[in-house]
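Worksheet for the structure shown next.
Every number in this text was worked out from the coordinates using simple rules, so none of it is lab data. No experiment lies behind these values; they were computed from the predicted model shown. All Cβ positions, even for glycine, are placed from backbone atoms using ideal geometry, and neighbour counts span all protein chains on display.
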Amino acid sequence: MVTATQTLTASSSSSNNSTPNILKLRAAAQADHPIDNRTSRLRAPIQVTDLFARRGIDGEDVTPAVGHEFPAGTLDLGAKLRAEETGQEPIDEEFWTQLAALVSHRGVVFVRRQSSLTEALMPKLANRISHFSGRPSASKLHIHPLSKDFNEAGEYIGGEKIDSQPDAEGRQISFKYEKSNFASAGWHTDISFEPIPSDYAMLQLRTLPKVGGDTMWSSMYSAYDGLSPAMQRFLEGLTAVHDAEEFREQSQKFGFPLYTKERGHPDNVGSKLHATHPVVRTNPVTGFKALYVNKSFTKRIVELSPDESDALLAYLFRHIAENFNFQVRFRWSPDDLAIWDNRSTNHSGIFDFGKQRRNGDRCCSLGEKPFLDPNSQSREAALRASGAY
Ligand SMILES: [Fe+2]
């Protein structure tokens, strides 16, 4: 169990005459659901300790803003999971909690050469990281609306295939963005169109092109910190609509149904693939504020006119795409694993490898309903206060 003790409260949507209708509707919707099914179990942020150093597991930060890498030979997550699953070793709560905290603080963690981490073990890894970092009890692994990963008994297996080639029915979760020639059009955070979106996701690539197919991540803590204080305050009063139009189009184009039963949480159900979230959200694991918009799914800022919304989102997407100092680019080797925090990063694959094959396994867990805690702080402010910046 998580040891932290004080709840970061969901953003208060106080009712008054100036409250936009959307906020009243959101407050009413929240009242219809048990709050403990949708909010983080954490009562205070989790600090990163010296656990890995104490155990002789040497990793290092990749850029100042984002990324931490464990080289080959420092960690064997598959062996550790297998020993715990067979009862040879007790579940190492401190280890999994600290791995989750490191991912949340650094945005993404790369673990090289995890050949013993199998497709079957990946959902167990995803569940440990998500559970020990305080996800709500009702949040499970996400079932992608384009998924068909079920066993013969109709049970969800839990993993998803990422492939540069669609399957025989045309299904493909990872595909080249077809609407733009700019590679930067693919920046996104996973499944932000769900009412209960993702806390963490992980990807392990098995087959790689000879060269190319890198993935980039951008820190949304840095994106928030890179805005002027006036813009930060303005954005904190806004909410945005996230919509997965492209998945509906894909399903219509190829004639297969979307998965419309519960997708890992009772609130993630149906075919609308549409949700409204705060533009700035608090990550409960770190307590830091992060910009929560992405070019793939964020369509409209609710409180602004359509023209104002288009202009502001275009600026924010440029802010995310063009600030290289927020970003890291990861060059994969076979069996490398990346684990990232979807609340506080955007990412984008780079589809520069023609018809070569690039595939692997992905798992995506669900966290809390996004909220902005007015008492949370920027990462930069927290680091300055601690003398680490
Ligand atoms: Fe993704």
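Points worth noting:
- Taking amide H positions as modeled 1.01 Å from N, with prolines and chain starts lacking one, the residues under 5 Å from Val280 and 5 or more places away or on another chain are Leu238, Tyr292.
- Amide H to amide H, with H built 1.01 Å from N, Thr345 comes under 5 Å of Met220, counting only residues 5 or more places away or on other chains.
- Flagged links, alpha-carbon separation over 23 Å, of Lys80/Lys289; Lys124/Lys295; Lys295/Lys369; Lys140/Lys261: Lys80/Lys289; Lys124/Lys295
- The phi-based Karplus calculation (6.51 cos²θ - 1.76 cosθ + 1.60; θ = phi - 60°) puts the 3J(HN,Hα) values of segment 274-288 at 7, 8, 10, 9, x, 6, 10, 10, 9, 7, x, 6, 9, x, 8 Hz, whole numbers, x for Gly and Pro.
- The Cβ shell under 12 Å around Arg106 holds other residues with a net charge of -3, Lys and Arg each +1, Asp and Glu each -1.
- Stretched out straight at 0.36 nm per residue, the stretch from Glu303 to Ala230 would grow longer than its current Cα-Cα span by 24.6 nm.
- Dipole in debye (nearest 20) - segment 278-389, about Cα centre, beta carbon charges: Lys, Arg +1; Asp, Glu -1: 280
- Taking θ as phi - 60° and the Karplus parameters 6.51, -1.76 and 1.60, the scalar couplings of segment 57-65 work out to 9, 9, x, 8, 5, 9, 10, x, 7 Hz in sequence order, x denoting glycine and proline.
- Placing unit charges on the Cβ atoms of the charged side chains and taking the dipole of segment 192-322 about its Cα centre, the candidate lying farthest along the positive direction among Thr286, Thr276, Leu258 is Leu258.
- Across segment 220-236, rounded Karplus estimates of 3J(HN,Hα) from the backbone phi angles (6.51 cos²θ - 1.76 cosθ + 1.60, θ = phi - 60°) give 7, 5, 5, 4, 5, 5, x, 9, 5, x, 5, 5, 4, 5, 4, 5, 5 Hz, Gly and Pro being marked x.
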